[in-house]
Each structure stands twice: as C-alpha cells, then as structure tokens.
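Here the structure is laid out as structure tokens; the discussion comes afterwards.
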Amino acid sequence: MHSIDKLLLENKAWASEKKADDPEYFERLSHLQTPEFLWIGCSDSRVPANEITGTQPGEIFVHRNIANMVIHTDVNLLSVLEYAVAHLKVKHVIICGHYGCGGIKAAMTNHDYKQVLNMWLRNIKDVYRHHRAELDAIGDMELRADRLTELNVQEQVMHLAKTSIIQRAWQQEQRPKLHGWVYGLKDGLIKPVFEMDANTKMDPLYIYDDL
Ligand code: CO
C-alpha cells in the first residue's frame, strides 16, 4: 500500500472509532466551534498542537508556519488572528516555538536558501541582531540556537501586541492573554518563557490611541 493511501484508511478507522465511542461526536462538532485558544506554532511535523496539549478537535484554533513567526505583512496570519480574536473571541493566544527548530538554525547560517526562504528567514536574523550581545556570548551553538528560539518566541509575542487587532481587544475586553512557549522535542515538555496581557507596558511608539 502507498503511504498516502494509508492516511485515508487510517482516517476511516479513526472516524468509526470516534463514532463508536460517541455517536453524536461529529454532529455536535459540526455545529460548534468555540475554541478558547489560538495556537501559532511551527510547521514542524513533530509539534502537533492538539496532541502535545491533550486537547481535542474544537478546542484550539491553529495557525502554523516556519518558526512560528508573526510578520506584520502576512495576510494569512493576520486573518487567522483577527478571526480568532474578534469573532471566536479566544481568551489566549499561544506562540509555541520548539528547541531544535530547523528554521531557527537555518537563520543562524550564512547559506543562501534562495529567494523565498531567505526572505522568511531574514525575520529571524532580525531577532538575532536585536539580541546579538547575549547570543554571541553563548559559545555552544546548540545552546545559542535554543536561546534564539526563546527570544524569537518573545519577539513574536511582542509583534502580536503591536497589532491593532490585539490592542482593540485589550481595550474593549481585557483579553486575550498572550503566551510565549517553547516545546522540547527531546522531553515533550513545554516551557513558558514570556507573556503579555492588557496591562503589560509596551513601547508607546506602537500604541494606537484612537482605536
Ligand atoms: Co521549527
């Protein structure tokens, strides 16, 4: 059997198992989507949001890209953010990076990954540059990449806070809380590294006063 056919076969098995456990399962889910969480994670196949948080379909709204970036011209991410915050009214937005991230490691090299990936990775290089003194002082390259992963998550949380989408929700409803997490591929554990909420002080340059 081809590996792609196995996916469809496994899907059939999964669907009938779910239905056997709970006959109303799909009927109920099809009418209801009220997740409390928006997850912005890395596309890495080893970091599945539902599985590592023990959540079920319907509980987490998910967006993934290389190295869990929040880029202010990314219409895809911003649409997901706006829908999750303004319409689904999520209470928490989680940026979840992971140690051993290929995107982070690639951004630390001087390799030409060709135009499109270079463009994406340059956003991570910018994070490195903001924290160059701290990162350059870490001799072990593995540890340096781990720290860049943490700092990247922190920067992406701050990027969320700079959007009018988040600032409007903070002003009107004091939500969502923003969380920066890093997942460990080697132990399966999530380490919270940074958070922001409606009361966190931020650079006034980015604050909209006429929302
Ligand atoms: Co990754």
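The values are calculated or read from the model by the stated rules, or taken from the named source; none is laboratory data. Given the structure is predicted, the values throughout are model-derived calculations rather than measurements. Cβ: placed from backbone, ideal geometry, glycine included. Neighbour counts: every protein chain shown. Note: accessible area is taken over every heavy atom of the protein model, side chains too, but ligands, DNA and RNA are not part of it. Shrake-Rupley method; radii C 1.70, N 1.55, O 1.52, S 1.80 Å.
Quick check on my filter: what residues within region 61-84 are among the hydrophobic types (A, V, I, L, M, F, W, C) and either out of contact with any Ser or Thr (no Cβ under 9 Å at 6 or more places or on another chain) or more than 29 Å from GLN172 (Cβ to Cβ) (or both)? If the condition is that a residue be among the hydrophobic types (A, V, I, L, M, F, W, C) and either out of contact with any Ser or Thr (no Cβ under 9 Å at 6 or more places or on another chain) or more than 29 Å from GLN172 (Cβ to Cβ) (or both), then PHE61, VAL62, ILE66, ALA67, MET69, ILE71, VAL75, LEU77, VAL80, ALA84 are the ones that fit. Within region 64-88, residues that are among the hydroxyl-bearing types (Ser, Thr, Tyr) have Cβ atoms under 9 Å from residues that are open to solvent by 20 Å² or more (accessible area, probe 1.4 Å) in these pairs: TYR83/PHE61, counting only partners at least 6 apart in sequence or on another chain. Comparison of ASN123, ASN76 shows that the only residue that is in a helix (DSSP H, G or I), open to solvent by 70 Å² or more (accessible area, probe 1.4 Å) and closer than 23 Å to ILE165 by Cα is ASN76. Restricting region 59-73 to residues that are open to solvent by less than 30 Å² (accessible area, probe 1.4 Å) and more than 15 Å from the ligand (Cβ to nearest atom) leaves a set whose member that is nearest to ILE94 (Cα to Cα) is ILE60.
Could you say whether any residue in region 100-107 is more than 14 Å from the ligand (Cβ to nearest atom) and either assigned to a helix (DSSP H, G or I) or closer than 19 Å to CYS42 by Cα (or both)? No, that holds for no residue.
When the residues of region 170-195 are filtered to those that are farther than 25 Å from ASP44 by Cα and under 19 Å from the mean Cα position of the chain (by Cα), the one that is least open to solvent (accessible area, probe 1.4 Å) is PRO176. Quick check: anything in region 27-46 out of contact with any Phe, Trp or Tyr (no Cβ under 9 Å at 6 or more places or on another chain) and among the aromatic types (Phe, Trp, Tyr)? Taking every residue of region 27-46 in turn, none turns out to be out of contact with any Phe, Trp or Tyr (no Cβ under 9 Å at 6 or more places or on another chain) and among the aromatic types (Phe, Trp, Tyr).
Checked against the criterion of being open to solvent by less than 70 Å² (accessible area, probe 1.4 Å), within 16 Å of the ligand (Cβ to nearest atom), in contact (Cβ under 8 Å) with a residue 40 or more places away in the chain and in contact with a Cys (Cβ under 6 Å, 6 or more places away or on another chain), region 28-41 has at least one qualifying residue. Flag not set for GLN56, criterion: open to solvent by 50 Å² or more (accessible area, probe 1.4 Å), in a loop (DSSP other than H, G, I, E, B) and in contact (Cβ under 8 Å) with a residue 24 or more places away in the chain.
In this entry, LYS191 is excluded by the filter for residues that are of a type outside the set (Asp, Glu) and part of a loop (DSSP other than H, G, I, E, B).
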